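K.L.:
Pasting a structure here, questions to come.
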Amino acid sequence: MTRSLLGFAAVTVLLFVGATTAMAQDMETIGIAEDWQWGFQGPNSPIMDDIFWFYDIVLLPMMLIISAFVLALMLYIFARFKRGSNPEPSRNTHNTLLEVIWTGVPILILVGIAIPSLRLLYFEETIPDAEMTIKATGHQWYWSYEYPDHGGIEFDSLIVDDADLEEGQPRLLTTDTQVVLPINTVVRFQVTSDDVIHAWAMPAAGVKMDAVPGRLNEFWMEIDTAGIYYGQCSELCGQLHGFMPIMVVAMEPADFNAWVATEQAALGITPEVELAEATRD
């Protein structure tokens, strides 16, 4: 009896892993860093769109203007006040107008940065009405996931060893099972830890949240393009910290529903609709 149960469990796990792995192989890889990449990964969520806007419209122009001004000022000072052009050093002790300017201008710059920055932080922290929930739990050194809205689908997600990688799969980022979610859908993530502090992070979606033991943190994500996205644990959590990848497969809602049905069948989960009908009967 025990051997039969173990055999059934092994077959179920193999079916689960095989289904998600085969599905991921047919998807385009989108959320991954490229060789010699300097900037952000491309925006694929509303949060990342706002981060790009904040960087391109506010931070980058301000950095360029300030850098150019400081460089021009330094060149002017080197030319104007070098020993040959200025044999007699100035004896001025202060300049009221100059002091007002160099105090007031930085304040205006900081206010100009703070207003859109606070708006962005508020947008990230305010979770809209979520259409589904995924719970991620960090362990040393892997992630486990639960789908409470879909019959309690749950699985562990472990890194794939280098020897088992297939062609095109990135090293240290590929997992044996993947987080699957529908595109253009607001997903609430609940993040916690089973041992030490971890952090669930996905750069292409602009999200990062600490996983703290005994605490349930939340964030939201809405991916707008179907494909494969990669992330990693972003909090030093021990010897194998660098071996805790995150792999997300985003797909059309119809494909996601088909995946849910397949996983529920593989795990022997009765769909919620059938449960509700059975209760009414």
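K.L.:
Among TYR229, ALA211, ILE246, which residue has its Cα positioned farthest towards the positive end of the charge dipole of the stretch 202-255, with +1 placed on the Cβ of Lys and Arg, -1 on the Cβ of Asp and Glu, and the dipole taken about the Cα centre?
P.N.:
My answer, from the dipole projection, is ALA211.
K.L.:
Cα gyration tensor of the stretch 59-102, axes a ≥ b ≥ c as square roots of the eigenvalues: rounded (a/c below 1.5), prolate (a/b > b/c) or oblate?
P.N.:
In terms of gyration-tensor shape, oblate.
K.L.:
If you don't mind, there's one more thing I want to ask. Identify, among VAL196, ASN184, TYR145, the residue whose Cα sits farthest towards the positive end of the charge dipole of the stretch 130-259, taking +1 on the Cβ of Lys and Arg and -1 on the Cβ of Asp and Glu, with the dipole about the Cα centre.
P.N.:
Most positive-ward Cα: VAL196.
K.L.:
Let me ask you something else. Which one, LEU97, LEU59, LEU236, has the greatest fluctuation when you compute a Gaussian network model over the chain with C-alpha springs under 10 angstrom?
P.N.:
LEU97
K.L.:
Which order, highest average first, do 139-149, 252-262 follow once you tally other Cβ atoms within 10 Å for each residue and take the mean per peptide?
P.N.:
Final packing ranking: 139-149, 252-262.
K.L.:
Only one of the values [x] 32, 22, 17; [y] 52, 21, 17; [z] 24, 22, 20 was calculated from this structure for semi-axes √(5λ) of the Cα gyration tensor in Å; name its label.
P.N.:
Looking at semi-axes √(5λ) of the Cα gyration tensor in Å for this model, the match is [y].
K.L.:
Are there any GluC sites (Glu not before Pro) in the stretch 98-131 that are in a DSSP loop and have at most 16 other Cβ atoms within 10 Å? List them by number.
P.N.:
Here the sparse-neighbourhood loop sites are GLU131.
K.L.:
Rank ALA226, ALA199, ALA130 by mean-square fluctuation in a GNM of the chain with C-alpha springs under 10 angstrom and give only the top-ranked residue.
P.N.:
Top of the fluctuation ranking is ALA130.
K.L.:
If you don't mind, another one. Taking H as built 1.01 Å from N, whose amide H comes closer than 5 Å to the amide H of ALA199, not counting residues under 5 places away?
P.N.:
Close amide H contacts, sequence-distant or interchain: ALA211, SER234, GLU235.
K.L.:
What dipole magnitude, in Debye to the nearest 20, does the chain give about its Cα centre under +1 on Lys/Arg Cβ and -1 on Asp/Glu Cβ?
P.N.:
1860 debye
K.L.:
For the stretch 25-57 and the stretch 75-93, what is the separation of their C-alpha centers, rounded to whole Å?
P.N.:
Cα centroid of the stretch 25-57 versus Cα centroid of the stretch 75-93: 48 Å apart.
K.L.:
May I ask you to derive the relative contact order of the chain, considering only C-alpha pairs under 8 Å and at least 6 residues apart, and to give it as an integer percent?
P.N.:
23 percent
K.L.:
Among PHE123, ILE51, PHE81, which residue has its Cα furthest toward the positive end of the charge dipole of the chain, with +1 on Lys/Arg Cβ and -1 on Asp/Glu Cβ?
P.N.:
The listed residue farthest towards the positive side: PHE81.
K.L.:
Taking Cα atoms, how many degrees apart are the long axis of helix 96-125 and the longest axis of the chain, rounded to 10 and kept between 0 and 90?
P.N.:
So the inclination is approximately 10 degrees.
K.L.:
Taking the Cα centre as origin and putting +1 on Lys and Arg beta-carbons and -1 on Asp and Glu beta-carbons, what dipole magnitude results for the stretch 142-281, to the nearest 20 debye?
P.N.:
Dipole magnitude for the stretch 142-281 comes out near 480 debye.
K.L.:
What residue among LEU120, LEU110, LEU75 has the largest mean-square fluctuation in a Gaussian network model of the chain, using Cα springs under 10 Å?
P.N.:
LEU75
K.L.:
Extending each Cα 7 Å along its Cβ direction at GLU167 and GLN37, get the distance between those two points in nm, one decimal.
P.N.:
About 2.4 nm separates the two model spin labels.
The numbers here are math on the coordinates, done by the rules we state, and not lab data. These numbers were taken from a predicted model, which means no experiment stands behind them. No Cβ is skipped: glycine too gets one built from the backbone with ideal geometry, and neighbour counts run over all protein chains shown.
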